[in-house]
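Below: the structure, in structure tokens.
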Amino acid sequence: YALQGSRWKVKDLTYKISKYPSKLKRAEVDKEIQRAFDVWTGYTDLTFTPKSGQVHIEIRFEYGEHGDGDPFDGPGGTLAHAYFPVFGGDAHFDASEAWSINSYKGTNLFQVAAHEFGHSLGLSHSDVRQALMAPFYRGYDPVFDLDTDDIEGIQALYGKKTMKTGPRFGDDDDQDGGFDGSHDVPSKTPSSADHSLCDDPKFDTIFNSAEGYTYVFKGEKYWKLTENSVAPGYPKLISDNWIGLPGNIDASFTYKNGKTYFFKGSKYWRYKGKRVDGLYPKEISEGFTGIPDDLDASMVWSGNGKIYFFKGSKFWRFDPSQRPPVKSTYPKPISNWDGVPNNLNAVFQWTNGYTYFFKDNAYYRFNDRAFAVDATTPAFPRSSAYWWFGCKEAPSGTIGTSKSSGLLIDEESSRDNQFGSAHNDSDTEHYR
Amino acid sequence: APSDSNALLYLSQFGYLAPSKGNSSHLMDEKTYRKAIEDFQAFAGLEVTGELDSDTQKTMVLPRCGVKDKVGTGDNRAKR
């Protein structure tokens, strides 16, 4: 799946159908549109309510040129288009198509609407052919369900569907066996800005545990991250929970064997969960032959599953299945990673599939598919304090703290303005 | 089936090629064109040949969504 880069901040969304197709009954269209929204409510906490007046998503069936600079082309060809959240979320359907309901004939309204609403929610086209978010019309499917790819995409934006049993501020990461599989439910920190990472957001290392938690290490302390801030009850002491592990770690990563590796100076440690996994520390030169001491950062890159180490202006690729594990063509300049600076502090891949590079008090989001730092608004680097740690006001001198800056400078946004969508910017956001 | 010129329009419309500017003629080298076709073939799950072969032509005339497959073509996101 691919994420466009914006999403709705609110989960209770409203919509209206401003223009109906001429050959279908309005009540039938209403029902199909609601069914299409329900595709996405089945896997998230999103709700969609029809309403008059100003709404989040406006739906229109239009012919040809219809005011947004992206005219429809008559029967066949382009069937519909929709705008990403930051551009309004509206969905337009080509009124000249033979729209149909529960039929193999014509163009099935439900299928197309469900796809378009994926865009309205922030999903781009997927290159997984069987996914709903693949760009080509798939025809009528009487037993439709979302593909895993679509589910992972929408949940990367809005989290998994939760049981509505009230707020959950639980923090079970320090209790062995306490993991219940619902750890990634977004939780709101009551006082999210009350932590020292806001004063000095530069940190040592960041990694995802095998259980799916994201941890930030800095000096002797560590924090667990939630979807948009730090979890309550942090920081804690590294030495209290990772017994035997020192502070001021240089680099870390969790490998596909589920074990987490920590690097400091000339040594490294391997942990399974929070238990040391053997006799450690060991020498980097022995366990990771070809990798230098005193690293800046490390990660497992999703592009090929190999381990990457970063130091100064250079990087090394380590493949444990090869001999030697580091090819003679390494190290290479970090400038090969388009847009990524030298002298990094940390790097990791987050659960949304992007790779994030951190330096000083800012970060860069790297798009593995395009192999470059994302060109989006606000631009990267962005403030780590604001976007990762939930600090209300980032320290002065950081950048990218405005979630709406730059929205009016690109082509798609100006199209949206021509169309005159009644769109409330405060309900959308760019995400980290 | 789309001709080369229609394929060019298609590839521009859906983000595989940078759109041409206004009324100026757009001269494009073959390598850029082949790369755009390859990108499209890879995205659509076709055999990647770089040629406007029959499978690619058939896919280009399928009904589809009007949103670009590659949002941001023309900036550095499609560089590699």
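Tabulated data for the structure shown
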{"read-out": "Output for segment A:261-280, where each listed residue is touching an Asp or Glu at 6+ places or on another chain (Cβ under 8 Å) and hydrophobic (A, V, I, L, M, F, W, C)", "value": "A:Phe263"}
{"read-out": "Single match in A:Phe93, A:Phe117 (criterion: part of a strand (DSSP E or B), closer than 30 Å to A:Val10 by Cα, within 12 Å of chain B (Cβ to nearest Cβ) and among the aromatic types (Phe, Trp, Tyr))", "value": "A:Phe93"}
{"read-out": "Tally, over segment A:70-89, of residues that are within 12 Å of chain B (Cβ to nearest Cβ), closer than 25 Å to A:Asp427 by Cα and not aliphatic (A, V, I, L, M)", "value": "5"}
{"read-out": "Options A:Arg129, A:Arg138; residue that is assigned to a loop (DSSP other than H, G, I, E, B), over 16 Å from A:Leu24 (Cβ atoms), within 12 Å of chain B (Cβ to nearest Cβ) and without any contact (Cβ under 8 Å) to a residue 12 or more places away in the chain", "value": "A:Arg129"}
{"read-out": "Verdict on A:Gly339 being at positive phi, surrounded by 15 or more Cβ atoms within 10 Å (Cβ to Cβ) and more than 14 Å from every other protein chain (Cβ to nearest Cβ)", "value": "no"}
{"read-out": "Whichever residue in segment A:363-384 is of a type in the set (Phe, Trp, Tyr) and out of contact with any Ser or Thr (no Cβ under 6 Å at 6 or more places or on another chain) and, among such residues, is farthest from A:Ile206 (Cα to Cα)", "value": "A:Phe371"}
{"read-out": "Members of segment A:332-343 found to be touching a Gly at 6+ places or on another chain (Cβ under 9 Å) and either part of a loop (DSSP other than H, G, I, E, B) or closer than 22 Å to A:Lys218 by Cβ (or both), listed by number", "value": "A:Asn342, A:Asn343"}
{"read-out": "Pair list, Cβ < 7 Å and 6+ apart or interchain, from segment B:51-80 residues that are more than 10 Å from chain A (Cβ to nearest Cβ) to residues that are part of a loop (DSSP other than H, G, I, E, B) and at pLDDT 90 or above", "value": "B:Asp55/B:Leu46; B:Asp55/B:Glu47; B:Thr56/B:Leu46"}
{"read-out": "Check on A:Phe110, out of contact with any helix residue (DSSP H, G or I) (no Cβ under 6 Å at 6 or more places or on another chain) and under 17 Å from A:Asp30 (Cα atoms)", "value": "no"}
{"read-out": "Filter pass, A:Phe366 being over 20 Å from A:Ala210 (Cβ atoms), crowded, with 21+ Cβ neighbours inside 10 Å, away from chain B (no Cβ under 14 Å) and out of contact with any His (no Cβ under 8 Å at 6 or more places or on another chain)", "value": "no"}
{"read-out": "Qualifying residue in segment A:80-88 (condition: of a type outside the set (A, V, I, L, M, F, W, C), assigned to a loop (DSSP other than H, G, I, E, B) and free of Cβ contacts under 8 Å to residues at least 40 places away in the same chain)", "value": "no"}
{"read-out": "Residue within segment A:51-68 that is among the basic types (Lys, Arg), out of contact with any Gly (no Cβ under 7 Å at 6 or more places or on another chain) and more than 14 Å from chain B (Cβ to nearest Cβ) present", "value": "yes"}
{"read-out": "Filtered residue count, segment A:372-382, keeping only those that are at the interface with chain B (Cβ under 8 Å from one of its Cβ atoms), touching a Phe, Trp or Tyr at 6+ places or on another chain (Cβ under 9 Å) and part of a loop (DSSP other than H, G, I, E, B)", "value": "1"}
{"read-out": "Filter pass, A:Phe37 being within 22 Å of the chain's Cα centre (by Cα) and within 13 Å of chain B (Cβ to nearest Cβ)", "value": "no"}
{"read-out": "Unique match (being without any contact (Cβ under 8 Å) to a residue 40 or more places away in the chain, of a type in the set (Lys, Arg) and part of a loop (DSSP other than H, G, I, E, B)) among A:Arg369, A:Arg317, A:Arg323", "value": "A:Arg323"}
{"read-out": "Unique residue being out of contact with any Pro (no Cβ under 9 Å at 6 or more places or on another chain), modelled with pLDDT of 90 or more and assigned to a strand (DSSP E or B) when the list is A:Tyr363, A:Tyr356", "value": "A:Tyr356"}
{"read-out": "Residue within segment A:206-213 that is of a type outside the set (Ser, Thr, Tyr), modelled with pLDDT of 95 or more and within 21 Å of A:Tyr268 (Cβ to Cβ) present", "value": "yes"}
{"read-out": "Selected residue (only one of A:Lys224, A:Lys256, A:Lys218 is of a type in the set (Lys, Arg) and surrounded by fewer than 20 Cβ atoms within 10 Å (Cβ to Cβ))", "value": "A:Lys256"}
{"read-out": "Check on A:Phe262, over 22 Å from A:Tyr354 (Cβ atoms), touching a residue at least 24 places away in the same chain (Cβ under 8 Å) and not hydroxyl-bearing (Ser, Thr, Tyr)", "value": "yes"}
{"read-out": "Among the residues listed as A:Asp73, A:Asp68, the single one being surrounded by 15 or more Cβ atoms within 10 Å (Cβ to Cβ) and not in a helix (DSSP H, G or I)", "value": "A:Asp68"}
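The values are calculated or read from the model by the stated rules, or taken from the named source; none is laboratory data. Treat the numbers as computed from the prediction; the structure is a model and nothing was measured. Methodologically, a virtual Cβ is constructed for each residue, glycine included, from the backbone with ideal geometry; neighbour enumeration extends over all protein chains shown.
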